[in-house]
Amino acid sequence: MKKTLLTLALSLTALTAQATDYSYAEIAKRSGDQKLDKKTLQNVTMQAECLVGIKKLNFKRKDNFDPISEWSSFRTRSLLEQYSPCETLVMLEIAQKRLREEQANNR
């Protein structure tokens, strides 16, 4: 009886330890046929990279207050609710470029 309980406890521990890595690669391994197809995985990878681009665009000036980056950062959430990260990144890049051009012309 003790051996059975010990075996059961070790099995549960192994299963719990196995499920502590929640990276996509590990989840896909545990999920078998339910993983994303290659095209979908490429698309979500691109969207993730665009999210990084949005972060870098909005937070590139750490030492000084930048009203254009602040404006862009403030609007990012509502844009992401309506558009994909890559569409949002393109819009923010163009908006920031135009606002910076306007700012330079007004000096």
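The values are calculated or read from the model by the stated rules, or taken from the named source; none is laboratory data. This structure is a prediction, so every number in the text was calculated from the model and none was measured. Please note: Cβ atoms are built from the backbone with ideal geometry, for glycine as well, and neighbour counts cover all protein chains shown. When the accessible area is computed, the model is the full protein with side chains, heavy atoms only, and any ligands, DNA or RNA have been set aside. Shrake-Rupley method; radii C 1.70, N 1.55, O 1.52, S 1.80 Å.
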If you rank 21, 37 by how much accessible surface each has, with a 1.4 Å probe, what is the order from largest down? 37, 21
Using a probe radius of 1.4 Å on heavy atoms only, what accessible surface per residue do you get for the stretch 44-107? Whole Å² is fine. 75 Å²
Among trypsin sites (Lys or Arg not before Pro) in the stretch 36-81, those in a DSSP loop whose Cβ has at most 11 other Cβ atoms within 10 Å are 60, 61, 62
Using the Cβ atoms and a cut-off under 12 Å, what net charge is assigned to the surroundings of residue 104, where Lys and Arg are +1 and Asp and Glu are -1? +2
Report the chymotrypsin sites (Phe, Trp or Tyr not before Pro) located in the stretch 23-107 that are in a DSSP loop and have at most 12 other Cβ atoms inside 10 Å of their Cβ, or state none. 59, 65
